[in-house]
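Contents: one structure, followed by commentary.
The values are calculated or read from the model by the stated rules, or taken from the named source; none is laboratory data. Since the structure is predicted, the reported quantities are computational estimates derived from the model, not experimental observations. Here the Cβ positions follow ideal geometry from the backbone for every residue, glycine too, while neighbour counts run over all protein chains shown.
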């Protein structure tokens with residue numbers, strides 16, 4: 001029974017006056033434990049369901065990094081491979097000498113964002129848009145910047161999406177379905193707005209539902225959606241090397257030389273409850289907010305998503321995560 005989690009979610013929803021919250025946890029691949037409160041969208045009485053797909057925002061980056069690790073484990077790529085090795089066009093870019101590892105860690109000196117809607121407006125296929133993202137006409141602040149210094153970059157993870165297009169010989173979106181979702185396993189996986197639940201923007205009269213999102217060129221940086229149960233099940237891909245990655249590749253994706261540093265799609269820190277390193281990431285397209293914490297040494301994972309966003313929502317979901325960590329105890333499948 002999760003009465004305690006239901007109570008916490010009800011309290012946080014009341015505090016925020018937001019449409020809905022979904023939260024849950026999993027232990028070493030056992031059955032996810034999930035609770036929901038609220039509605040799918042303002043203007044509807046349909047309650048949020050545990051099977052509803054949810055927008056994960058930049059938490060997508062952890063799964064993009066996993067696919068890069070998958071290619072490295074298969075010998076199709078190396079952490080030290082440079083961007084210039086992928087195409088003659090990239091070879092001429094200011095970032096040609098930056099490595100895959102640089103990009104994974106946001107240390108390649110790439111700008112945070114591009115002129116996404118201008119790029120999307122070219123009418124090119126999404127794979128071609130990703131391949132063209134290093135064209136400096138799309139990049140804001142595109143002058144050469146410091147290599148080796150952390151600077152969060154959505155552009156970098158769009159670049160990694162293009163790398164995945166190339167090394168797998170199929171679009172990133174299809175690789176996610178083939179390698180992450182695995183046919184008939186994580187059936188809620190997709191991109192962009194979830195089919196049943198709306199995000200919300202704040203207005204004077206309260207929250208208003210919206211289907212706005214970033215354009216598909218950003219799929220590999222922040223447009224994945226899936227149900228809470230499916231998302232929690234992906235934690236095993238980060239915690240059990242036997243199920244996906246060779247040990248040395250997984251270790252590199254989860255290593256940071258500083259506490260709170262960025263590795264392969266995660267911020268890496270230390271927590272006593274994790275018995276060592278803890279991985280975390282938050283994501284938001286400004287209409288949703290999602291956050292996950294994983295303890296690789298124990299196989300435990302905790303996540304929460306709201307179909308609204310903002311500082312108050314972020315703080316609220318942090319409290320929900322903290323409560324789950326304190327109260328969940330060993331999970332039984």
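Anything in the stretch 165-180 that is in contact with a helix residue (DSSP H, G or I) (Cβ under 6 Å, 6 or more places away or on another chain) and outside any helix (DSSP H, G or I)? List them, or say none.
171
Is it true that residue 250 is out of contact with any strand residue (DSSP E or B) (no Cβ under 6 Å at 6 or more places or on another chain), modelled with pLDDT under 95 and over 23 Å from residue 57 (Cα atoms)?
The answer is no for residue 250.
With the condition kept exactly as written, say whether any residue in the stretch 41-53 is in the same structural domain as residue 312 (by TED's automatic domain parsing), part of a strand (DSSP E or B), closer than 27 Å to residue 264 by Cα and in contact with a helix residue (DSSP H, G or I) (Cβ under 6 Å, 6 or more places away or on another chain).
no
Taking the stretch 291-333 as the region of interest, how many residues are assigned to a helix (DSSP H, G or I) and under 17 Å from the mean Cα position of the chain (by Cα)?
Of the residues in that region, 4 qualify.
Scanning for something assigned to a helix (DSSP H, G or I) and without any contact (Cβ under 8 Å) to a residue 60 or more places away in the chain, does the stretch 116-125 turn up at least one residue?
yes
One line per residue, one yes/no per condition, for (1) buried (at least 19 other Cβ atoms within 10 Å of the Cβ); (2) touching a helix residue (DSSP H, G or I) at 6+ places or on another chain (Cβ under 9 Å); (3) outside any strand (DSSP E or B); (4) outside the structural domain of residue 155 (by TED's automatic domain parsing):
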{"site": "9", "(1), (2), (3), (4)": "yes, yes, yes, yes"}
{"site": "23", "(1), (2), (3), (4)": "yes, yes, no, yes"}
{"site": "69", "(1), (2), (3), (4)": "yes, yes, yes, no"}
{"site": "75", "(1), (2), (3), (4)": "no, no, yes, no"}
{"site": "80", "(1), (2), (3), (4)": "no, yes, yes, no"}
{"site": "101", "(1), (2), (3), (4)": "yes, yes, yes, no"}
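Taking only the stretch 82-99 into account, find how many residues are in contact with a helix residue (DSSP H, G or I) (Cβ under 6 Å, 6 or more places away or on another chain) and in a helix (DSSP H, G or I).
Summing the residues that are in contact with a helix residue (DSSP H, G or I) (Cβ under 6 Å, 6 or more places away or on another chain) and in a helix (DSSP H, G or I) in the stretch 82-99 gives 4.
Report, by residue number, each residue of the stretch 256-286 that is over 13 Å from the mean Cα position of the chain (by Cα) and closer than 16 Å to residue 301 by Cβ.
Within the stretch 256-286, 268, 269, 271, 273, 274, 275, 276, 277, 278 qualify.
Residue by residue through the stretch 313-324, note down the ones that are in contact with a helix residue (DSSP H, G or I) (Cβ under 9 Å, 6 or more places away or on another chain) and buried (at least 17 other Cβ atoms within 10 Å of the Cβ).
313, 316, 317, 320, 323, 324 - these are the residues of the stretch 313-324 that are in contact with a helix residue (DSSP H, G or I) (Cβ under 9 Å, 6 or more places away or on another chain) and buried (at least 17 other Cβ atoms within 10 Å of the Cβ).
Out of 62, 108, I need the residue that is touching a strand residue (DSSP E or B) at 6+ places or on another chain (Cβ under 9 Å), in a helix (DSSP H, G or I) and touching a residue at least 40 places away in the same chain (Cβ under 8 Å). Which one?
Of 62, 108, the one residue that is touching a strand residue (DSSP E or B) at 6+ places or on another chain (Cβ under 9 Å), in a helix (DSSP H, G or I) and touching a residue at least 40 places away in the same chain (Cβ under 8 Å) is 62.
Could you tell me how many of the residues in the stretch 41-67 are within 22 Å of residue 5 (Cβ to Cβ) and surrounded by fewer than 21 Cβ atoms within 10 Å (Cβ to Cβ)?
5
Is it the case that the stretch 79-97 has a residue that's under 20 Å from residue 267 (Cα atoms) and under 21 Å from the mean Cα position of the chain (by Cα)?
Yes, there is a match, as at least one residue in the stretch 79-97 is under 20 Å from residue 267 (Cα atoms) and under 21 Å from the mean Cα position of the chain (by Cα).
Residues are listed down the side, and each one gets a yes or a no for (1) at pLDDT 95 or above; (2) under 15 Å from the mean Cα position of the chain (by Cα); (3) in the same structural domain as residue 47 (by TED's automatic domain parsing); (4) buried (at least 18 other Cβ atoms within 10 Å of the Cβ):
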site: 200; (1), (2), (3), (4): yes, no, yes, yes
site: 206; (1), (2), (3), (4): no, no, yes, no
site: 211; (1), (2), (3), (4): no, no, yes, no
site: 214; (1), (2), (3), (4): yes, yes, yes, yes
site: 219; (1), (2), (3), (4): yes, yes, yes, yes
site: 232; (1), (2), (3), (4): yes, yes, yes, yes
site: 237; (1), (2), (3), (4): no, yes, yes, yes
site: 244; (1), (2), (3), (4): no, no, yes, yes
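Output the number of the condition that residue 133 fails; it satisfies all remaining conditions of (1) surrounded by 20 or more Cβ atoms within 10 Å (Cβ to Cβ); (2) at pLDDT 95 or above; (3) assigned to a helix (DSSP H, G or I).
Exception for residue 133: condition (3).
Out of (1) under 11 Å from residue 217 (Cα atoms); (2) within 19 Å of the chain's Cα centre (by Cα), the odd one out for residue 127 is which?
(2)
Condition (residue is touching a helix residue (DSSP H, G or I) at 6+ places or on another chain (Cβ under 9 Å), more than 16 Å from residue 222 (Cβ to Cβ) and surrounded by 22 or more Cβ atoms within 10 Å (Cβ to Cβ)) applied to the stretch 276-289: is it met by at least one residue?
yes
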